């Protein structure tokens, strides 16, 4: 195979349609998080996006559809930086899981994502699709990533045999429970600091490892 054949194809710049959609979603984030679903104006979205209201409706169909797409986009993008890939079998589980726990907290405990979560909860009865989108791209995605890591370490002999699905669910809530409850119910002033997140992550990892019969770090 020639060198030119092995060279990866360059990534094409986003087309006009993608740029318009991205601008509308960015504008919608500002408007919906500021005004809520009921108070949000499609005129405001169009103005901030530099488009007409007709263009907004052409791309998203309705205010409801735009809201659902926004929730899906924000939660998916927030989850991207978090390491959901399978673990390196040569890595140390405690170190890897601690880093992952901190990344999970950093992804969720941002004011814009907390505002989105509060907004989705407030509209869950009206739009059950919102809760489903947030769950699938948030907790469910994180839990699946943890389960893949645990399975990799079991196969490598680094961790003892255990029920990876249950352990991954427990780990997700060990990590997210207290910090997320504080931030959601007590406001942005109650968001865990960087130091608190590190300490909390280490405690969560130690609890998980003890629960599956593995040695926890000192």
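Since every read-out is calculated from the coordinates, none of them should be taken as a lab result. Worth saying up front: this structure is predicted, and the values here are computed from it rather than measured. Here the Cβ is made from the backbone with ideal geometry for all residues, glycine too, and neighbour counts use every protein chain on show.
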Any hit, the range 106-114, residues being in contact (Cβ under 8 Å) with a residue 24 or more places away in the chain, out of contact with any strand residue (DSSP E or B) (no Cβ under 7 Å at 6 or more places or on another chain), surrounded by fewer than 16 Cβ atoms within 10 Å (Cβ to Cβ) and not in a helix (DSSP H, G or I): yes
Tally, over the range 153-177, of residues that are more than 14 Å from residue 101 (Cβ to Cβ) and without any contact (Cβ under 8 Å) to a residue 12 or more places away in the chain: 5
Residue match in the range 178-191 (condition: farther than 23 Å from residue 110 by Cβ, without any contact (Cβ under 8 Å) to a residue 40 or more places away in the chain and assigned to a loop (DSSP other than H, G, I, E, B)): no
Residue list for the range 192-211, restricted to those being buried (at least 20 other Cβ atoms within 10 Å of the Cβ) and closer than 25 Å to residue 135 by Cβ: 197, 200, 201, 204, 205, 208
